Amino acid sequence: MNPFSYVRANTVAEALREHGGDPQSRYLGGGTNLVDLMRYGVERPERLIDVTQLPLARIEPLPGGGLRIGSLVKNSDLAADARVVRSYPVLAEALLQGASPQLRNMATTGGNLLQRTRCYYFYDTAFTCNKRRPGDGCSAIDGQNRIHAILGQSNSCIATHPSDMAVALAALDAVVQVEGPRGARSIPLTEFHRLPGDTPNVDTNLQNGELITAVDLPPASFAARSHYIKVRDRASYAFALVSAAVALDASGGTVRAARIALGGVAHKPWRAIAAENALAGLPAGEASFRRAADVALSEARGYEHNAFKIELAKRTIVRAFLEVNERPG
Ligand code: SF4
């Protein structure tokens with residue numbers, strides 16, 4: 001562990017001031033990923049700004065409908081919120097399949113979005129990793145890559161984003177609210193995380209010093225008929241090999257609109273817009289869901305150990321739609 005200074009902020013303005021846009025500073029929320037990264041020597045911040053006392057732990061209705069989730073709302077509290085369970089079941093389901101009960105009691109909404117990849121080479125400083133040290137090389141491309149990306153990857157990095165919650169939020173068109181040295185701004189969830197390109201060390205489009213204050217869910221519309229399926233190596237406390245968040249708006253047996261987002265397949269939650277469009281207007285049944293799944297994975301590329309994910313992702317999409325289609329509209 002490297003030496004670092006610690007300060008606790010009581011207001012958002014104080015947190016921003018204490019951070020000061022210093023690239024060696026980090027905001028500390030639940031700490032469930034950052035503290036591990038510091039122990040491994042992957043993250044070496046010189047200054048931690050504890051934001052756990054900021055007034056950002058409420059879930060409130062938005063004026064035009066929808067919900068504002070404070071960035072310090074714990075994953076367990078969000079999963080148990082009656083409004084989320086009723087109107088955004090895909091989000092509650094995704095949260096309850098993430099991590100463990102103990103971790104969900106600590107992890108925050110903002111921190112969940114900012115957690116870093118679980119690529120084993122990223123955490124092991126004995127291996128080269130472009131995400132840890134740009135230009136060093138990627139140990140996963142020709143190494144053990146069973147858990148790695150099949151969509152949106154680059155020659156620099158094939159890591160995946162580990163969050164379940166963020167996949168559901170991508171399907172729901174959530175919006176991330178941030179405050180920073182230059183004021184407040186909104187970032188659509190689908191634009192919050194980045195593909196690796198040639199800068200895999202940069203995970204998100206947050207500017208230096210910006211703090212997540214909330215995540216907004218738009219009015220529920222057909223989100224009440226939504227579902228999350230996670231496929232993993234064991235039934236709990238494991239990251240997704242593949243996951244699918246879907247929502248279905250069908251009438252008279254015909255799909256009016258659909259949402260599809262995938263987890264465990266890319267450097268960011270992967271929204272499959274072309275597949276959603278392909279599904280609109282088709283009969284709500286297995287053949288249509290399979291056609292949409294084929295579109296969603298049409299550009300997928302596997303590596304030595306993870307090519308199985310392509311068919312697995314298609315089957316996960318189909319199963320998620322079949323199950324949600326059984327629910328009352
Ligand atoms: Fe590092 Fe990304 Fe390669 Fe993993 S996949 S070793 S995180 S560069």
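The values are calculated or read from the model by the stated rules, or taken from the named source; none is laboratory data. Since the model is a prediction, treat every value here as computed from it, not as a measurement. Note: ideal-geometry Cβ built from the backbone for every residue, glycine included; neighbour counts use all protein chains shown. Calculation scope for accessible area: heavy atoms of the full protein, side chains included, ligands and nucleic acids excluded. Shrake-Rupley method; radii C 1.70, N 1.55, O 1.52, S 1.80 Å.
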Exercise. With the checklist (1) farther than 30 Å from Leu72 by Cβ; (2) among the polar types (S, T, N, Q); (3) assigned to a loop (DSSP other than H, G, I, E, B); (4) open to solvent by 60 Å² or more (accessible area, probe 1.4 Å) in hand, flag the one item Asn306 doesn't pass.
Key: (4)
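Would you check which residues across segment 195-204 are surrounded by fewer than 20 Cβ atoms within 10 Å (Cβ to Cβ) and part of a loop (DSSP other than H, G, I, E, B) and list them? Reasoning before the result, please.
First pass over segment 195-204, keeping only residues surrounded by fewer than 20 Cβ atoms within 10 Å (Cβ to Cβ): 195, 197-199, 201-202, 204.
Passing the criteria: Leu195, Gly197, Asp198, Thr199, Asn201, Val202.
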Exercise. Would you check if there is a residue in segment 92-104 being hydroxyl-bearing (Ser, Thr, Tyr), within 15 Å of Glu43 (Cα to Cα) and more than 9 Å from the ligand (Cβ to nearest atom)?
Key: no
Quiz item: Only one of these conditions is not met by Ala313: (1) touching a Lys or Arg at 6+ places or on another chain (Cβ under 7 Å); (2) surrounded by 22 or more Cβ atoms within 10 Å (Cβ to Cβ). Which number is it?
Solution: (1)
Quiz item: Which of (1) open to solvent by less than 40 Å² (accessible area, probe 1.4 Å); (2) away from the ligand (no atom under 13 Å from the Cβ); (3) part of a helix (DSSP H, G or I) does Phe122 not meet, given it meets every other one?
Solution: (2)
Self-check item: Selection count, segment 1-33, where residues are under 18 Å from Arg118 (Cα atoms) and open to solvent by 30 Å² or more (accessible area, probe 1.4 Å)
Solution: 1
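Answer yes if at least one residue in segment 181-194 is within 16 Å of the ligand (Cβ to nearest atom), buried (at least 19 other Cβ atoms within 10 Å of the Cβ) and not aliphatic (A, V, I, L, M), and no otherwise.
Yes: segment 181-194 contains one or more residues that are within 16 Å of the ligand (Cβ to nearest atom), buried (at least 19 other Cβ atoms within 10 Å of the Cβ) and not aliphatic (A, V, I, L, M).
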Quiz item: Among Ala278, Ala274, Ala287, which is open to solvent by 10 Å² or more (accessible area, probe 1.4 Å), part of a helix (DSSP H, G or I) and without any contact (Cβ under 8 Å) to a residue 12 or more places away in the chain?
Solution: Ala287
Quiz prompt | Selection count, segment 169-180, where residues are in a loop (DSSP other than H, G, I, E, B) and buried (at least 20 other Cβ atoms within 10 Å of the Cβ) | solution = 2
Practice problem: Report yes if some residue within segment 85-99 is open to solvent by less than 20 Å² (accessible area, probe 1.4 Å) and without any contact (Cβ under 8 Å) to a residue 60 or more places away in the chain; otherwise report no. | Solution: yes
Practice problem: Run down Arg194, Arg232 and say which single residue is among the basic types (Lys, Arg) and closer than 19 Å to Ala92 by Cα. | Solution: Arg232
Quiz item: Can Ser71 be described as more than 16 Å from the ligand (Cβ to nearest atom), buried (at least 17 other Cβ atoms within 10 Å of the Cβ) and of a type in the set (S, T, N, Q)?
Solution: yes
Exercise. Quick one: count up the residues across segment 126-168 that are open to solvent by 10 Å² or more (accessible area, probe 1.4 Å), aliphatic (A, V, I, L, M) and within 10 Å of the ligand (Cβ to nearest atom).
Key: 2
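Can you tell me how many residues in segment 108-119 are of a type outside the set (D, E, K, R), farther than 13 Å from Ile158 by Cβ and within 16 Å of the ligand (Cβ to nearest atom)?
The qualifying residues number 2.
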Practice problem: Could you please find all residues in segment 220-238 being touching a helix residue (DSSP H, G or I) at 6+ places or on another chain (Cβ under 7 Å) and more than 12 Å from Gly98 (Cα to Cα)? | Solution: Ala220, Ala223, Ala224, Arg225, Ser226, His227
Quiz item: Condition test on Gln102, is it open to solvent by 40 Å² or more (accessible area, probe 1.4 Å), under 19 Å from Leu312 (Cβ atoms), outside the structural domain of Glu299 (by TED's automatic domain parsing) and modelled with pLDDT of 95 or more?
Solution: no
